[in-house]
Amino acid sequence: MARFQIEQATVRYGTFPAVTGIDFNLDPGESVGIVGPSGAGKTTLLRLLNGAVRPSVGRVKVDDSYLDMLSIGGLRAVRARVGVIHQDLRLVPNLRAVQNVVSGQIGRRGFFASLRGVFFPGRADVARAHKILERVGIPEKLFERTDSLSGGQRQRVAIARALFQSPDALLADEPVSSVDPARARDTVALLTQISRERELSLCVSLHNLELAREFFPRLIGMRGGRIVFDKPTDELHNADFEKLYDLSRSEILND
């Protein structure tokens with residue numbers, strides 16, 4: 001398991017501050033939902049956690065290591081411990097499901113060994129990929145081309161790929177933005193169930209406020225690149241969410 005700590009982090013893209021003065025902790029085995037309007041900084045916060053982006057100001061710590069103090073190899077080792085499910089999934093459409101799942105080991109095995117494993121997966125990797133696809137509910141799709149799968153099935157392949165890493169934590173960026181409400185609920189339920197089974201830290205950004213309130217015991221509210229609230233879900237009230245999503249005209253134009 002892993003513990004994450006963001007300390008007074010600001011991230012600027014040029015002169016634009018994506019997030020400002022962020023303090024955030026994610027404890028081992030904890031599940032946290034991040035909510036807020038588009039452009040609030042949710043994706044940037046997630047990218048800080050695995051070192052995909054470095055703060056312009058402030059620091060990020062994983063366990064006892066500050067990411068800015070790590071070598072390239074050390075940073076790669078940290079990223080290998082963090083499974084990421086991107087909003088656009090980032091699957092290779094003309095590869096089979098098993099090949100996309102096995103590609104989750106690139107961070108642990110090295111690029112060339114992993115590339116060989118993706119195109120010519122060994123028997124042990126195929127068996128392991130099948131077991132993970134069985135856990136996410138689509139074992140029969142093991143040898144199907146990914147571009148032949150439905151949107152919900154592709155999501156599950158992306159989840160399986162992240163689990164193939166044997167991660168200590170899962171980060172998911174709007175993982176249900178492109179599926180219908182029933183599929184969305186099933187996907188969030190699956191992520192939270194798996195995180196409990198494997199004792200993984202889980203951090204998920206969501207537009208769907210109803211799902212966030214149903215499945216996450218702690219919610220982070222973001223707006224304008226800042227954390228507006230960080231509370232147990234049962235301590236939040238409708239007024240907190242109404243204020244979070246009450247965008248002024250200027251904020252809408254700048255989104």
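Entry note, the chain: relative contact order of 28 percent, from Cα contacts under 8 Å with a spacing of 6+ residues. Helix screen, the chain: DSSP H segments with Cα axial length of 24 Å or more and mean Kyte-Doolittle hydropathy at least -1.0 are 181-198. Over all pairs of different C-alpha atoms in the stretch 1-74, the reciprocal of the mean inverse distance, the Kirkwood hydrodynamic radius, equals 12.8 Å. Once the Cβ-Cβ distance of A127 and S148 is raised to the sixth power relative to R0 = 25 Å, the FRET efficiency obtained is 0.65. With a cut-off of 13 Å between beta carbons, the residues surrounding R213 carry a summed charge of -2, where Lys and Arg count +1 and Asp and Glu -1. Short-range pairs are left out: with C-alpha atoms under 8 Å and at least six residues apart, the relative contact order of the stretch 88-166 is 48 percent. Its convex hull of Cα atoms gives the stretch 124-255 a direction-averaged projected area, equal to a quarter of the hull surface, of 9.7 nm². For the chain, the calculated P(r), taken from all Cα-Cα distances in 5 Å bins from zero up to the bin holding the longest distance, is 1, 6, 13, 17, 19, 16, 13, 9, 5, 1, 0, 0 percent.
Grouping the Cα pair distances of the stretch 88-166 into 10 Å bins from zero gives a pair-distance distribution of 22, 60, 18, 0 percent in increasing distance order.
The modelled label-to-label distance between E214 and D23, using points 7 Å beyond Cα along the C-beta direction, is 3.4 nm.
The modelled label-to-label distance for the pair A77/D234, using points 7 Å beyond Cα in the direction of Cβ, is 4.0 nm.
Read the figures in this text as sums done on the coordinates, not as results from a lab. Bear in mind that the values here come from a model prediction, so they are computed numbers and not experimental data. Reconstructed Cβ throughout: ideal geometry from the backbone, glycine too, with neighbour counts over all protein chains shown.
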